[in-house]
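Read the structure below first, then the notes.
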Amino acid sequence: MTGQDGTPPDEFPGGTPPGTAPAEGAGRPLALHELPPPVPRPRTAPASPSPAGKPPVARRARISRRAVPYAVALGVWGAAVAVTGVFASDYRVYLRFAPVLAVAVLGPLVAAGFGVRLLFTRRVVEARAQVAAEAAAEHHRFLRRLDHELKNPLTAIRLGLANVSASGRLDAQGDGTVRSVEEQVARLTRITGDLRKLADVESRPLERLPVDVGVLLEDAGETARELPGGAERDVSVSVPRVPWPLPTVAGDPDLLELALENLVGNALKYSGPGSRIELRAFEEDGYVVVEVADTGHGIRADELPYVWGELVRGSDARGTPGSGLGLALVHAVVDRHGGRCEIRSRPESGTVVRLRLPSA
């Protein structure tokens with residue numbers, strides 16, 4: 001029996017179609033034994049995500065295209081087996097077609113081996129990329145949280161020290177203690193600031209503008225001369241102009257300037273009065289190579305592999321202000337631009353830091 005619009009009554013709430021008088025007891029709630037059995041819904045498997053955001057149809061078409069060579073090879077192999085069965089009694093025919101049969105039989109096996117190897121290599125590369133991305137995201141979250149957790153306590157400590165110093169109740173020993181604590185608080189503040197910069201470098205959107213590295217080097221040279229101790233060093237800048245100028249670098253000018261400032265600051269800090277600091281650039285094999293060289297204290301050979309790490313300082317850097325994050329910032333900036341960092345150093349002779357940036 002159907003309702004006025006041809007719909008079965010059990011498809012309406014309470015089992016009564018519109019326009020039909022309710023049956024006796026239709027307004028009361030139904031007991032469990034009076035409820036109709038649930039209608040099973042057809043279960044459909046969720047569409048699996050396709051690589052590179054391609055729809056499943058496109059993925060199936062791509063898989064089909066890849067399967068064509070294997071299908072052809074399998075057909076040739078079957079034909080070869082059939083020919084062998086027919087002409088097996090005539091050994092001359094068998095010898096004549098032996099090379100073709102060998103290729104037809106071994107071809108699918110070799111193709112299958114290459115296919116398995118290609119699939120395995122692709123899976124390994126994808127797994128490594130995923131692990132690297134997860135590690136980078138976790139590292140970024142750690143830096144952000146560390147900056148947040150340290151910023152407020154350091155602010156409170158600075159205010160407390162300022163109040164103690166302003167009270168005028170400290171003797172000479174207490175005043176020296178307060179100054180020592182202020183220096184350590186300032187060092188922790190620099191570290192948190194550099195950690196914030198490092199997190200920003202690793203996560204901020206990267207601009208791709210044509211950057212004149214020669215102009216950046218000239219500005220870095222001027223900055224070096226104006227920094228404390230810069231007037232006591234011989235700072236020079238060398239940028240080729242003829243027969244053609246340096247090519248530009250596609251990158252973020254602010255980040256590249258930050259990297260050069262850190263390198264120049266290190267050259268000033270770890271060299272004495274009268275030392276020479278050279279900033280130079282040249283083109284090499286499609287790269288713009290930037291070098292910052294100094295005749296400073298140098299770095300021990302066993303410490304060179306670790307200088308690009310975070311919060312790493314050399315054994316000879318004690319007593320020199322710094323956070324141990326300058327070269328880590330430089331490495332992060334160059335890595336974001338698809339470049340490479342290199343360092344050479346000799347104790348008591350000097351250090352050369354080389355940045356290789358892809359030219360535009």
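The table that follows gives values for the structure above.
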{"read-out": "Test for GLU222: is it within 21 Å of ARG354 (Cβ to Cβ) and among the acidic types (Asp, Glu)", "value": "no"}
{"read-out": "Selection status of ARG225, of a type in the set (Lys, Arg) and either closer than 16 Å to LEU260 by Cβ or part of a helix (DSSP H, G or I) (or both)", "value": "yes"}
{"read-out": "Test: GLU310 is of a type in the set (Asp, Glu), under 24 Å from ALA199 (Cβ atoms) and either surrounded by 17 or more Cβ atoms within 10 Å (Cβ to Cβ) or out of contact with any Asp or Glu (no Cβ under 6 Å at 6 or more places or on another chain) (or both)", "value": "yes"}
{"read-out": "Residue match in the stretch 233-249 (condition: within 31 Å of the chain's Cα centre (by Cα) and of a type in the set (A, V, I, L, M, F, W, C))", "value": "yes"}
{"read-out": "Residue within the stretch 143-161 that is of a type in the set (S, T, N, Q) and not assigned by TED's automatic domain parsing to the domain that holds GLU283 present", "value": "yes"}
{"read-out": "Filter result for TRP244 (assigned to a loop (DSSP other than H, G, I, E, B) and under 16 Å from GLU342 (Cβ atoms))", "value": "no"}
{"read-out": "Residue in the stretch 276-299 that is farther than 22 Å from ASP234 by Cα, basic (Lys, Arg) and surrounded by fewer than 16 Cβ atoms within 10 Å (Cβ to Cβ) present", "value": "no"}
{"read-out": "Where ARG187 falls short, out of the listed (1) touching a helix residue (DSSP H, G or I) at 6+ places or on another chain (Cβ under 8 Å); (2) part of a helix (DSSP H, G or I); (3) over 22 Å from ASP335 (Cα atoms); (4) not acidic (Asp, Glu)", "value": "(1)"}
{"read-out": "Subset of the stretch 305-360 that is touching a Leu at 6+ places or on another chain (Cβ under 9 Å) and of a type in the set (Lys, Arg) - its residue that is nearest to HIS139 (Cα to Cα)", "value": "ARG336"}
{"read-out": "Qualifying residue in the stretch 114-127 (condition: out of contact with any strand residue (DSSP E or B) (no Cβ under 8 Å at 6 or more places or on another chain), among the hydrophobic types (A, V, I, L, M, F, W, C) and surrounded by 12 or more Cβ atoms within 10 Å (Cβ to Cβ))", "value": "no"}
{"read-out": "Close pairs from the stretch 130-147: first surrounded by 11 or more Cβ atoms within 10 Å (Cβ to Cβ), partner basic (Lys, Arg) and assigned to a helix (DSSP H, G or I), Cβ under 6 Å, at least 6 apart", "value": "ASP147/ARG196"}
{"read-out": "Test: residue in the stretch 153-162 that is touching a helix residue (DSSP H, G or I) at 6+ places or on another chain (Cβ under 7 Å), β-branched (Val, Ile, Thr) and more than 30 Å from GLU261 (Cβ to Cβ)", "value": "no"}
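The values are calculated or read from the model by the stated rules, or taken from the named source; none is laboratory data. The shown structure was predicted, so the numbers you read here are calculated from the model rather than taken from an experiment. Cβ coordinates were reconstructed from backbone atoms using ideal geometry, including for glycine residues, and neighbour counts include every protein chain displayed.
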